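Report on the structure given below.
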Amino acid sequence: MKVLWLTNNACSASEILDPKNNRGGWLSSLEKALSQQKDEIELFVGFYYYKSLAQFKHGQTNFCAIERSSRKSKVSRYISRLRGMEYDDVEEIKK
């Protein structure tokens, strides 16, 4: 069975893409447990990344990067959207 799993990080591929990053430990653990079922499950992990990458394989898992134009966090993107609003709209949100 083929499984496409969409996540907010690269799970175990973070080891090669961003070794300093230590996020999503439980996702990596779950990915490794699923990949051990290699006769039953073919796992593809889709994740956001700041640049385009070709599909690649790390361990038993296939990875597909989804390019995002910005590395900003959700909070930073939200603040950017608020700054684009009229002052009265921002004051209304604060209430």
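Could you list all residues from the range 59-88 that are part of a loop (DSSP other than H, G, I, E, B), basic (Lys, Arg) and at pLDDT 75 or above? Full working, then the answer.
At the first step, the residues of the range 59-88 found to be part of a loop (DSSP other than H, G, I, E, B) are 59-60, 68-73, 84-86.
Still in the running and basic (Lys, Arg): 68, 71-72.
Passing the criteria: only Arg68.
Restricting the search to the range 1-10, which residues are of a type outside the set (A, V, I, L, M, F, W, C), under 15 Å from the mean Cα position of the chain (by Cα) and at pLDDT 85 or above? Give the steps one after another, and end with the answer.
Residues of the range 1-10 of a type outside the set (A, V, I, L, M, F, W, C): 2, 7-9.
Pick out the ones that are also under 15 Å from the mean Cα position of the chain (by Cα) and you get 7-9.
Listed by number, the list holds a single entry, Thr7.
Let's see how each residue does on (1) surrounded by 15 or more Cβ atoms within 10 Å (Cβ to Cβ); (2) part of a loop (DSSP other than H, G, I, E, B); (3) modelled with pLDDT of 85 or more; (4) within 18 Å of the chain's Cα centre (by Cα):
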| residue | (1), (2), (3), (4) |
| --- | --- |
| Ser12 | yes, no, yes, yes |
| Glu15 | no, no, no, yes |
| Asn21 | no, yes, no, yes |
| Trp26 | no, no, no, yes |
| Glu31 | yes, no, yes, yes |
| Lys38 | no, yes, no, no |
| Leu53 | yes, yes, yes, yes |
| Lys57 | no, no, yes, yes |
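Which residues, counting only those in the range 3-21, are more than 18 Å from Lys74 (Cα to Cα) and without any contact (Cβ under 8 Å) to a residue 24 or more places away in the chain?
Scanning the range 3-21 gives Ser14, Asp18, Pro19, Lys20.
Taking the range 40-51 as the region of interest, how many residues are touching a residue at least 24 places away in the same chain (Cβ under 8 Å) and either surrounded by fewer than 14 Cβ atoms within 10 Å (Cβ to Cβ) or not aliphatic (A, V, I, L, M) (or both)?
Final tally of qualifying residues: 7.
Of the conditions (1) at pLDDT below 85; (2) surrounded by 10 or more Cβ atoms within 10 Å (Cβ to Cβ); (3) of a type in the set (D, E, K, R), Lys94 clears all except one; give me its number.
Lys94 satisfies all of (1) at pLDDT below 85; (2) surrounded by 10 or more Cβ atoms within 10 Å (Cβ to Cβ); (3) of a type in the set (D, E, K, R) except (2).
The values are calculated or read from the model by the stated rules, or taken from the named source; none is laboratory data. On a predicted model such as this, the values are computed, not experimentally measured, just so you know. Glycine gets a Cβ as well: all are built from the backbone with ideal geometry, and neighbour counts include every protein chain shown.
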